[in-house]
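Heads up: the structure comes next, in structure tokens.
The values are calculated or read from the model by the stated rules, or taken from the named source; none is laboratory data. Worth saying up front: this structure is predicted, and the values here are computed from it rather than measured. Cβ coordinates were reconstructed from backbone atoms using ideal geometry, including for glycine residues, and neighbour counts include every protein chain displayed.
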Amino acid sequence: MNADNYYWLFSTATQSIAALVAFMMAGVALAFSMMDGIVEKDETLKEIIDSLRQKYHIQLILLSITAFVAIVSSLIAISINQNDDCYRTFARIIAIASDTAIILFSMLFVVSITRPDKYRREAMKLIANFDKTISPKAELKARKIPKEESASVESPYQDIGEYIKKFIALEKSIREYLQKQDYFYEEEVLRQRIVNFGKMVDILYRHEKIGKRLQNVLVEVNQFRNLIVHGHVDKVSPNVMNLINKAQSMWDSERH
């Protein structure tokens, strides 16, 4: 390729990348708007949606940085295109590599944001963050229990019904407490709004009825409940059961 071909290549690449980034930004804005609509219809999906938004936001930052490098490198390659030295060759290599990278990253980003199982996959990641204990199979292996005897070993994992029972008891206790408070009626009942668990926790914290530590625990408890509601969990680990027991204990000691 001669100098004119490279000039045409990099000048076209610069304009194309700028247009690509603009379309990507518009697409992400539309996707985020659709996610907000999903949360408005079903607040139990809020944790999954928030996790996806954060993930896409990070990917978009990396994509923008790559696009900036590609555009700048292409402009530099154009500016020294008439030179006949090693710098021109080096600039061309960097420009071609960065232009290729932004196209590849853009395709991967589109695949990521449009994959049909993204909500289920993100839910699995959230569950993994909650459940820090080893799996039942790994536990049997660690204890060196023969495979033929594993069926008789009692699993530490409990049915989701046990967690839901404890959650309902905790939610009922908080709701009954709030119903005795004047500000609860002023903020919610008079507006005829359905008060979910997350909103009740927010009211408690804003009115300084609970501390930040308990608020975080209650938020985590509600997040796991939402994962159960949407069918992403069929067993509850000891760590998660300890979490809701901790939440109930902290609530009993802090409410006043």
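The numbered conditions (1) at pLDDT 85 or above; (2) of a type in the set (S, T, N, Q); (3) more than 32 Å from the chain's Cα centre (by Cα) are all true for Asn81 except (1). Restricting Ser79, Ser98, Ser74 to those that are surrounded by fewer than 18 Cβ atoms within 10 Å (Cβ to Cβ) and of a type outside the set (D, E, K, R) reduces the list to Ser79. Every test in (1) surrounded by 12 or more Cβ atoms within 10 Å (Cβ to Cβ); (2) modelled with pLDDT under 85; (3) within 34 Å of the chain's Cα centre (by Cα); (4) within 20 Å of Asn239 (Cα to Cα) is passed by Val153 save one, and that test is (3).
Kindly check whether there is at least one residue in the stretch 232-242 that is of a type in the set (Asp, Glu) and touching a strand residue (DSSP E or B) at 6+ places or on another chain (Cβ under 9 Å). Yes: the stretch 232-242 contains one or more residues that are of a type in the set (Asp, Glu) and touching a strand residue (DSSP E or B) at 6+ places or on another chain (Cβ under 9 Å).
The helices (runs of 4 or more DSSP H) located wholly in the stretch 188-256 that include 2 or more residues which are at pLDDT below 85 and either in contact with a Ser or Thr (Cβ under 7 Å, 6 or more places away or on another chain) or surrounded by fewer than 14 Cβ atoms within 10 Å (Cβ to Cβ) (or both) occupy 212-229, 238-254.
The residue pairs whose first member lies in the stretch 209-230 and is assigned by TED's automatic domain parsing to the domain that holds Glu162, whose second member is assigned to a loop (DSSP other than H, G, I, E, B) and surrounded by 18 or more Cβ atoms within 10 Å (Cβ to Cβ), and whose beta carbons are closer than 6 Å, counting only pairs six or more residues apart or on different chains, are Leu227/Val233.
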